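Enquirer: Can you keep this structure in mind? I'll have questions shortly.
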Amino acid sequence: MKTSIVRNLIFCGVLASGAAQAGTVDDLLTEYGGNGAGPFSAAAGKALWSREFPSKDGPSRACTGCHTRDLKKPGRHATTGKAIEPLAPSVNSKRLNERRQVEKWFKRNCKWTLGRECTAQEKGDLLSFLRTQ
Amino acid sequence: MKKTLISLFVAAAVGITTVGLFASDHEEEHEDYEREHSGKRDHDHEHREHRGASASAYLSDPQYSLYKTECGDCHMAYPPPMLPAASWQGMMGALEDHFGDNAELDAATANQIAEYLADNAARESGGEYAERSWRATKDRNPPLRITQTDYFRGQHHEIPAKMVTDNTDVVSFSRCETCHGDAEQGNFDEHGVRIPGYGRWDD
């Protein structure tokens with residue numbers, strides 16, 4: 001009995017965090033769409049995820065450089081070597097559930113990796129891909 | 001001098017340890033301190049207004065969790081008393097190029113963190129830990145890299161490259177936590193050092 005209550009609670013927790021992620025991602029996609037972007041494509045997001053961009057000084061850069069190709073596994077910060085928690089929402093419930101964090105990392109990491117901010121289309125495509133992971 | 005350097009960044013979070021370790025050479029350092037600062041009394045009056053008498057004040061500050069979340073995602077959350085306020089101010093004003101990385105924050109968050117860092121920075125009078133760092137970092141210009149300060153170099157110059165920069169588990173001196181397990185808590189006690197692949201460090 002106790003076990004089943006615990007199991008139900010865990011199940012509810014998973015549902016709740018899943019709902020938070022879905023809500024945040026849906027809201028952001030709607031927002032990007034409102035800026036004239038869309039429709040969004042997970043396939044385009046996946047391609048962008050592993051595309052390499054030249055950098056002014058040093059080797060080319062890509063999202064996979066730090067996050068690796070397997071989003072369910074931890075990554076490693078290119079400069080500091082610090083571990084990066086998995087980005088896949090299926091294994092890390094803290095991902096994609098807070099608008100401010102998503103926007104913060106898009107801004108920082110697009111500027112560093114691509115050398116510019118991502119467009120609404122690119123962000124929508126990336127989110128569409130990331131949410132399936 | 002060496003004694004001063006060695007004891008510089010020993011335990012902050014573990015307050016009791018800190019007091020014990022620093023007690024023995026306190027008098028000698030206090031004399032150095034008086035000598036070095038005798039002509040700067042007025043200038044530094046403002047720093048005495050700050051709180052932070054406790055060595056670990058930066059950990060109990062309500063803004064610490066914000067600082068750790070926002071800055072500690074990419075690197076260790078360096079104890080703010082390691083650098084003077086002018087250093088932190090310079091850093092927070094240039095997050096777009098943060099040692100080659102982009103670490104931009106929204107203005108509100110950046111302001112909160114800048115305030116936290118200023119409150120807990122090294123200073124001439126604000127608790128033993130902050131004071132020691134202040135003395136060690138009062139260089140000509142505010143240093144931006146902790147690893148380039150004289151006190152840091154003095155502490156680490158005997159450590160061969162093979163243990164740090166050539167060690168794939170360490171790579172850089174900026175990764176304090178790889179050898180100083182409690183670095184975020186301000187504990188840099190030499191006896192607690194464990195270098196990956198090499199173990200203890202005996203001076």
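The values are calculated or read from the model by the stated rules, or taken from the named source; none is laboratory data. Keep in mind that this is a model prediction, so the values were computed, not measured. All Cβ positions, glycine included, derive from the backbone under ideal geometry; neighbour counts span all protein chains shown. For accessibility, only protein heavy atoms count, side chains too; no ligands or nucleic acids. Shrake-Rupley method; radii C 1.70, N 1.55, O 1.52, S 1.80 Å.
Enquirer: Quick check: convex hull of the Cα atoms in the stretch B:54-203, volume per residue, rounded to a whole Å³?
Expert: Working: hull volume 17.1 nm³, N = 150.
Enclosed volume per residue, from the Cα hull, is 114 Å³.
Enquirer: Still on this structure: How compact and how long is the stretch B:73-136, expressed as Rg and Dmax of its alpha-carbon atoms in Å?
Expert: Calculated on Cα positions, Rg and Dmax stand at 12.2, 34 Å.
Enquirer: Let me ask you something else. Averaged across the residues of B:105-118, what count of C-beta atoms belonging to other chains lies within 10 Å of each residue's C-beta? Numbers along the way, then the final one.
Expert: Numbers: counts 3, 4, 0, 0, 2, 0, 0, 0, 0, 0, 0, 0, 0, 0.
The shielding value for this peptide is 1.
Enquirer: Mind listing the phi-derived Karplus ³J(HN,Hα) values for the stretch B:147-153, rounded to whole Hz, using 6.51, -1.76 and 1.60 with θ = phi - 60°, and x for any glycine or proline?
Expert: Computed from phi, the couplings for the stretch B:147-153 are 5, 9, 7, 4, 5, 5, 4 Hz.
Enquirer: Can you run the Rg to Rh ratio on the stretch A:40-92? Use alpha carbon positions and the Kirkwood inverse-distance Rh.
Expert: Working: Rg = 12.1 Å, Rh = 12.0 Å.
Result: Rg/Rh = 1.01.
Enquirer: If packing is taken as the average count of other Cβ atoms within 10 Å, what order do A:31-43, B:83-95, A:50-62 fall into, highest mean first? Walk me through the numbers on the way to the answer.
Expert: Details: A:31-43: 14.4, B:83-95: 18.5, A:50-62: 11.8.
Packing order, densest peptide first, comes out as B:83-95, A:31-43, A:50-62.
Enquirer: Between their Cα atoms, which of A:56/A:111; A:107/B:68; A:73/B:162; A:46/A:123 are more than 23 Å away from each other? Don't jump to the answer; show the numbers that get you there.
Expert: Numbers: A:56/A:111 13 Å; A:107/B:68 20 Å; A:73/B:162 29 Å; A:46/A:123 11 Å.
Pairs exceeding the cut-off: A:73/B:162.
Enquirer: Are there residues in the stretch A:68-93 whose accessible area shrinks by at least 10 Å² when all protein chains are included rather than the chain by itself, and which are they (probe 1.4 Å, ligands and nucleic acids not counted)?
Expert: The answer is A:76, A:77, A:79, A:80, A:81, A:82 - residues whose exposure falls by at least 10 Å² when every protein chain is included.
Enquirer: Can you list residues from other chains, or at least 5 along the same chain, whose modelled amide H is less than 5 Å from the amide H of residue A:61?
Expert: For residue A:61, the qualifying residues are A:53, A:55.
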